[in-house]
Structures are given as structure tokens and as C-alpha cells.
Amino acid sequence: MRSLLTLENVTYCYPGSSSPGIEGVSLELKEGEMFGVLGANGSGKSTLARLCCGLYLPAAGEVLVEGCSTRREKDRQWIRRTVGLVYQYPDNQFVAGTVTAEVAFGLENQGLAPAEIRRRVAETLDKFALTHLAEFPPHRLSGGEKRRLSLAAVWVLRPKILLLDEPLSMLNYDSGKKIGRLLQELRENGSALVWFTYNMEEAAGADRVLVLEGGRPAWQGRPKELLHRSEQVRRWGIDLPPVYNVAAGIFSSPPPVADEEEFVSWLWR
């Protein structure tokens, strides 16, 4: 599989700050992979997301998208078309006056034919249960509706790399499951996901995870391995999966399960 995103010992300092917001972070993401970035609030997740798409530039190290560096001005416009970012706070993402215009905005910038734009917008509004809100202003939507719109506006572009900054916040359980299936569609078509969250359950399906603590890498490996470090995970300020907490209340050595299906399967064995 091709490498889509590579971070090589990346450090970033906020203007006027004497200490780095991100320091010494390295990772590699390939086609179709999901990479989880876990950490408490303030650990540097959102900063790292902005570094990955070229909104922030590293003070040291390299951020490479298919070999193109975010440091090179001539490459950054292409990188920002290749990498989609779903913001932690949806209102910070919206640029258009209606839900329809918001979903169409990126497609129009790509220069697609009007008929193709209308087709893809209609399909996306339907998939994200937004059709009945098509002419509403984004800022008048409820929290869950804003979250669905923020995801739809990036999903419609089918980016090669999708950065998701706490993408299931403000969504109920059923909506979160549906969104997860839509994101899985992108993976099956070769897109790669980087999922930034404090909730380990959301990152349980990742190929690998990175834990950030105070902007620095604290641990990197497979999610299942992290479940064997539950006490340390709690100290990092990361929420363990609810089903794992249930298992820990029953067994002295709980199985590394992250969802109900895994737990039931483990019990049957």
C-alpha cells in the first residue's frame, strides 16, 4: 500500500509561546488505513490535525502528503485539496449561507459540472439525513445537525486523507453508528482516516493508535495492546470503552474488548 501521510519528528510552537504545542511526533498512514490519535483535552490533538493538512507549518521536522511537503508553498494548495479536515467545533468550519451551499462549496471549487454537483449534493444530503434542512443556514442547526453537516461537507469530496477531530461529538448513538458506516465506505475506496479523540471506543477499529500527552508522543501501537494498559490509559485522560469497564467489573483480568460484539464473542469462547 502507498504511503499517503508521513510525519517525521514534527514539532510546532505557537507564536509567542516558549514551549512547543507539539513535539517529536512521527507517524505513517497508508491507503485505506485508519490511524487513531488519542489524548485528553489540551494534549495537542487539534494542533496535530492542523499540521497534517498544512494549516499549521512545523517548526521542525516534516509533514509529507504523498511525498509533498507542507513547507513548500507551491504544494500546500494541492495538499489542502487532497486532505479533508472535519473541525472539532463545526461552526468554525462553515463558510456558506445554506446547508446545500455548504455541501456544494468544495465541489464548486473543484470545478465540477453543475449537474454532477447537484447529483452529489443530493446524494450526500440524503445519506447524512439533511435533505429536509437543505435551505437552512448552518449556524441555526442543532448541535447534532451541525456535526452531520460538517462531516457531509468533507465526505462529499471523497478526500484521499480525512482528518476527523472528535467527529462523533454531539451525535447520539444511532447517528454515530451511521456516520461510522459512511466513513468506512471511504476506507473501502482507498481513503485513509486519522481519528482524533479522547474516547478509546471510537479509535478501537484503528490499525494503530498514537497517544499524546502534553503535545508529546507517549505511546504508539495497536489498540488491543493499549487495553492491557488500562490504568495508564486513565492517567492519560482517555476514556476506556464502556464494555471494557463492564468486563473489568466482572473479571480480575478483563479481556481486551472494545465493543459489545467482541465481549459476547469472548464470553462464548
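The values are calculated or read from the model by the stated rules, or taken from the named source; none is laboratory data. Please read these numbers as outputs of a predicted model, since none were measured by experiment. With ideal geometry, Cβ positions are generated from the backbone for all residues, glycine too; neighbour counts draw on all protein chains shown.
Things worth noting here:
- Residue match in the stretch 195-208 (condition: in contact with a Leu (Cβ under 6 Å, 6 or more places away or on another chain), at pLDDT 95 or above and not acidic (D, E)): yes
- Of the residues making up the stretch 108-151, those that are in contact with a Leu (Cβ under 8 Å, 6 or more places away or on another chain) and basic (K, R) are R120, K127, R147, R148.
- Criterion: under 13 Å from G215 (Cα atoms) and at pLDDT 95 or above - qualifying residue of S26, S19, S69: S26
- Annotation for the stretch 131-152: at least one member residue is touching a residue at least 60 places away in the same chain (Cβ under 8 Å) and either among the hydrophobic types (A, V, I, L, M, F, W, C) or buried (at least 18 other Cβ atoms within 10 Å of the Cβ) (or both).
- One residue stands out among those in the stretch 205-240 that are charged (D, E, K, R) and assigned to a loop (DSSP other than H, G, I, E, B): the one that is nearest to the chain's Cα centre (by Cα), which is D207.
- Search result, residues across the stretch 27-49 that are in contact with a Ser or Thr (Cβ under 8 Å, 6 or more places away or on another chain) and within 22 Å of G237 (Cβ to Cβ): L27, G36, V37, L38, K45
- Checked across the stretch 143-154, the condition of being modelled with pLDDT of 95 or more and part of a loop (DSSP other than H, G, I, E, B) holds for no residue.
- Taking (1) modelled with pLDDT under 95; (2) assigned to a strand (DSSP E or B); (3) not charged (D, E, K, R) in turn, L64 satisfies each apart from (1).
- Test set (1) touching a Phe, Trp or Tyr at 6+ places or on another chain (Cβ under 7 Å); (2) more than 28 Å from T82 (Cα to Cα); (3) buried (at least 16 other Cβ atoms within 10 Å of the Cβ); (4) not polar (S, T, N, Q) - P241 fails condition number: (1)
- Extreme residue, surrounded by the most Cβ atoms within 10 Å (Cβ to Cβ), among residues of the stretch 106-123 that are in a loop (DSSP other than H, G, I, E, B) and of a type in the set (A, V, I, L, M, F, W, C): L112
- For the stretch 241-262, a residue qualifies if it is assigned to a helix (DSSP H, G or I) and out of contact with any Leu (no Cβ under 7 Å at 6 or more places or on another chain), and the qualifying residues are P242, V243, N245, V246, A247, A248, G249, I250, E260, E261, E262.
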